[in-house]
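The structure appears right after this line, and notes come after that.
The values are calculated or read from the model by the stated rules, or taken from the named source; none is laboratory data. Predicted model, so just to flag it, every value in this text is computed and none were measured. Here the Cβ is made from the backbone with ideal geometry for all residues, glycine too, and neighbour counts use every protein chain on show. The accessibility values were calculated without ligands, DNA or RNA, using every heavy atom of the protein model including side chains. Shrake-Rupley method; radii C 1.70, N 1.55, O 1.52, S 1.80 Å.
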Amino acid sequence: MPRPPATALPLSDRERKELLRLGRHRSVPQSIALRVNIVLGAADGVPNKVLARQLSTTLPTVLLWRQRYETERLGGILEDRPRSGRPKQISEAIEATIVDATMKTKPKDATHWSVRSMAQNQSVSPATVYRIWRKHKLQPHRVASFKFSSDPEFVPKLRDIVGLYLNPPDNALLLSVDEKSQIQALDRTQPILPLRPGLPEGQTHDYERHGTTTLFAALNVLKGTVIGQCQPRHRHQEFVQFLDKIETSTDPMLDIHIILDNYGTHKHPLVKQWFWRHPRYHVHFTPTSGSWLNQVERWFAEITRKRIRRGTFRSVRELVQAIQDYIRENNKNPRPFRWVASANVILRKVRKYKRTSETGD
């Protein structure tokens, strides 16, 4: 004998209005909207099987949320009950052992652990090791390079340059200056394969060299514009020529604070003589092994990534033209870098990592 159809779900006018309002709200998740429509359909007396078919769901789903609303009303369909899930199989002790082994030991046949080698060492699955590493943000496959400055005047030089970034002088230009030497004009040995759906652009791994150039650049720290010049060589003579270009490209009424690294070219007697003849220039040297303080290095990284590394150049002239075009486009819509770290914050980090390097903890 067939089961009689379910009776209509009783709703008060207030409950119906609340459900209708909830169902029309754009921010309501689809899962909640489905439950609301189930309750409204059940209240209209639509048979459960017909309702499941109309809403493209299953009969057990309709029965579940209808019963949940009958017993718990609106709160019963707005919140999911916690599911039991699979019981945890890895104890906290085993997890701690894997974390400790990852940070303090190395395999006998390699410089670092892999997921599989650690899993074999600890008699667990690779998936378990992966989950634990991800939870504790461990990445033994990666390595970062570093170098501490040995400059005895590291602290005053750091404070000087960071002070310029955070509190630039009034009525003056702040220029970050350096050169990127030995930029190679590389031409691929075969034509580039174009980008296609599912396939990246293709380049041959080998190439032909067509010479090099050196890019001298002065980054206006406040505006983000760049004064650039390509030279065939990287000597003090070329640097003096670039200083002459800076002189003719800037407002002669403004003082100029110029940040340089300790490369020998920047301290050549002829360069010092040039600065002596141009008293509006105030030179600030970065500490030894502290070129990361020079913001133009960040700009060099961008031009390398965006224009040089994947470029194809059949001559030095083509390379120089590409660099000049990039500088011209950069200056049309400049985006200055924003320095946010104070000297005290940097010094605290340096001291922290020095202690870590000395103690190994």
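Structure notes:
- The range 315-332-the range 245-311 distance, computed between alpha-carbon centres (Å): 19
- Here the extension length gained between Ala101 and Arg309 equals 71.0 nm, from 0.36 nm per residue of separation less the Cα-Cα distance.
- Phi to ³J(HN,Hα) by Karplus 6.51 cos²θ - 1.76 cosθ + 1.60 over the range 238-247, Hz, x for Gly, Pro: 5, 5, 5, 4, 5, 4, 4, 5, 4, 4
- Selection of trypsin sites (Lys or Arg not before Pro), the range 311-356, meeting DSSP coil and at most 15 other Cβ within 10 Å: Arg314, Arg338
- Calculated P(r) tail over 24 Å for the chain, as whole % of Cα pairs: 74
- Within the accessible area of the chain (1.4 Å probe), percent carbon and sulfur: 52
- Per-residue [θ]222 nm for the chain (sum of -39500 (n - 2.57) over DSSP H runs n ≥ 4, rounded to 500): -14000 deg cm²/dmol
- The stretch between Thr71 and Gln321 holds 82.5 nm of extra length on full extension. This uses 0.36 nm per residue minus the Cα-Cα distance.
- Kirkwood Rh in Å, taken over all unlike Cα pairs in the range 223-267: 12.0
- Inter-site label distance for Ala110 and Lys135 at 7 Å from Cα along Cβ, in nm: 2.2
- For the range 1-68, trypsin sites (Lys or Arg not before Pro) meeting the loop criterion (DSSP other than H, G, I, E, B) and having at most 15 other Cβ atoms within 10 Å: Arg26.
- Rounded to 10°, Cα long-axis angle of helix 92-104 versus longest principal axis of the chain: 10
- For the peptides 253-259, 194-200, 89-95, the ranking by mean Cβ contacts within 10 Å, running from highest to lowest, is 253-259, 89-95, 194-200.
- The percentage of C-alpha pairs in the range 127-231 whose separation is greater than 25 Å is 64%.
- The Kirkwood radius of the range 293-339, taken over pairs of alpha-carbon atoms, gives through the Stokes-Einstein law at 10 °C and 1.306 mPa s a diffusion coefficient of 136 µm² s⁻¹.
- Overall form of the range 236-355 per C-alpha gyration tensor (a/c, 1.5; a/b vs b/c): oblate
- Over 21 Å (Cα to Cα) - which of Lys147/Lys349; Lys245/Lys267; Lys108/Lys147; Lys135/Lys349; Lys180/Lys349 fall in this group: Lys108/Lys147; Lys135/Lys349; Lys180/Lys349
- Exposure here means at most 12 other Cβ atoms within 10 Å; with chymotrypsin sites (Phe, Trp or Tyr not before Pro) in a DSSP loop as sites, the longest stretch of the chain lacking them is 149-361.
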